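Beneath this line is the structure, given in C-alpha cells, with notes to follow.
The numbers here are math on the coordinates, done by the rules we state, and not lab data. This structure is a prediction, so every number in the text was calculated from the model and none was measured. Cβ atoms come from the backbone with ideal geometry, glycine included; neighbour counts cover every protein chain shown.
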Amino acid sequence: MATTNERDPDGWQARLASRFARMGAVVQDTENDAVAAGVVGAVSLAGAFAGFLVTSPYTSVCIVGFLLSVGYGWVRHQELAAKGVTMAMTVSTVVILSLITVFIFYEAWPILQDRSGQVLGVTVPGLELFTTTAWTPAEGTPRYSMLPMIQGTVLVTIIATAVAGPLGVAAALFISEIAPAPVREVVKPGVEILAGIPSIVYGFIGFTVLSPWASDQFDLVGQGTYLFVGIVVGLMALPTVVSVAEDAINSVPESMKSGSLALGTTDWQAMTTITLPTAFSGVSAAVLLGVGRAIGETMAATVMLRNTPRVAEPLYNVFYGFETLTSLIAANYGSSSGLQKDALFVAGCILFVSVLTLSIGSQLIEERMDHDLGRAE
C-alpha cells in the first residue's frame, strides 16, 4: 500500500490542506459583522463588474454598496478590511487585463477570418494580411496589409534601441559608480523627470527642430523619416533604461567590487569586468523595457511620419518614413469602420504580443540576475 509521502511526494496536498485549515480558523475567529461586510463587498464588486459589462443602470448602486461595506469594515475591522481590499484590487486588475485581452482579439477576429488563406491545405487566419504589401481601404477591393507598418515599427525600434541602449547604460554606470553624491542627487531626479514629459512634446520638437535641420544638412527627401523618429523615441525611452539599469548595477554586492579593487584593478577595470558582467541580466532587462516603450510609442511617430502606408525600398532604408503600427491606429481609428476597424485591432494584437513578449523576457532576465547574485553572495 502506498504511503502518504509516495502519494504526495512534493507535499503540496498537505500544504494546501494546512492553508485551508488556517483560512477556516480565521473565518471562525472573525466576528459575524466582518464576514457579512466582506460578503456584501464581494457581491457588490462582482455586481458592479457585471453591471458595467451589460451597461446596467444599477452599476452605481453596486459601487455605493461596495464603498459602504469597505468603509464599515475599515472602521470596525481595519486589518481585515485592508487585506480584503488589496485582494479585491489584485483580482480586479487580473480580470480587467483579461477582459481587455479578450476584447482586442475578439474585435480582430472578423478580418482574420475574412482574409484567411491556405498553407499546405491548412486554413491560416489572416494570412492575406501578412502576404501582401498594399493598404488600400478606400478602393473597390480593399486590402489591409500589416507588412508596411511592421517594417516601420521594426526600423524605429532598432534605431531607438541603438540610441537608448548605449546611452542609458553609460548614464546608469556614471550615476551609480562615477558621479559624486551631490551630482548624483541632481542628475538622477533630472533623468527621471524626462519620463514625465508627454510624448507629443517630443514629437513636436522632433518635427519642428530635428527633422528640418537634418533635412537641410543632409539633403534628405522629406522630414518624416524612420531615422529621426527612432532617435526621438530612443530619447523618450532613455529614462526607463537609465532607471532600471542603475537599480541593476546598484544590486551588485559591494564585496565583489571591493575584492576586485583589492587585487589591484582600476575603477574602470572593476566596472567593465565585475560590475557590468554581474549586472548584465538586469541591464539587458532595462534595455528590453526601453524597447517595449519604443514599440508602443504613438504620438511622436504620428506627428513626425507621413501616415501613408508603404514599404520602404530597400527594406533597411531608414531615410524614408511612412507608417508604424501605433501611428496607423492613432491616425485612422476615429474614421474607420467595418473591416478597416478590425484591421486596426489586428495591429493592436501585434503590438500587444510584441510588448508582452518583451515584458516576460525582461522579467525572466531579472529573475536570473537575482538568482545569480544570490548564489554569488
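What are the chymotrypsin sites (Phe, Trp or Tyr not before Pro) within segment 153-257 that DSSP puts in a loop, where the Cβ has at most 13 other Cβ atoms within 10 Å?
Values: sites: PHE174, TYR202, PHE204, PHE207, TRP213, PHE218, TYR226, PHE228; in loops: none.
Answer by residue number: there is no such site.
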Net charge around THR153, counting only other residues with Cβ within less than 10 Å of its Cβ (Lys, Arg = +1; Asp, Glu = -1)?
-2
Longest to shortest principal axis, alpha-carbon extents of segment 205-327, angstrom
59, 29, 28
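How long are the three semi-axes of the equivalent ellipsoid of the chain, in whole Å, if each is the root of 5 times an eigenvalue of the C-alpha gyration tensor, listed from largest down? Please list the in-between numbers first.
Details: eigenvalues 357, 258, 106 Å².
Working through the eigenvalues yields semi-axes of 42, 36, 23 Å.
With charges only on Cβ, +1 for K and R and -1 for D and E, what is the dipole size of the chain about its Cα centre, in debye, rounded to 20?
On the way: 17 positive and 29 negative charges, 96 e Å.
Dipole magnitude for the chain comes out near 460 debye.
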Taking only the alpha carbons of segment 122-247, what extent do you get along each of the three principal axes, in Å, biggest first?
65, 44, 23
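Which of the chymotrypsin sites (Phe, Trp or Tyr not before Pro) found in segment 257-353 are loop residues per DSSP with 12 or fewer other Cβ atoms within 10 Å of their Cβ?
On the way: sites: TRP268, PHE280, TYR316, PHE319, TYR320, PHE322, TYR333, PHE345, PHE352; in loops: TYR316, PHE319, TYR320, PHE322.
Sparse-neighbourhood loop chymotrypsin sites (Phe, Trp or Tyr not before Pro): TYR316.
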In whole Å, what is the distance between the alpha-carbon centres of segment 324-372 and segment 81-148?
10
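Need the full-extension length gain, SER251 to ARG310, defined as separation in residues times 0.36 nm minus the C-alpha distance. One decimal, nm.
Values: separation 59, 0.36 × 59 = 21.24 nm, distance 4.55 nm.
Here the answer is 16.7 nm.
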Return the calculated 222 nm mean residue ellipticity for the chain, to the nearest 500 deg cm²/dmol, obtained by summing -39500 (n - 2.57) across DSSP H runs with n ≥ 4 and dividing by the residue count.
-23000 deg cm²/dmol
Select from THR225, GLY259, GLN269 the residue farthest towards the positive end of the dipole of the chain; place +1 on Cβ of Lys and Arg, -1 on Cβ of Asp and Glu, and compute about the Cα centre.
THR225
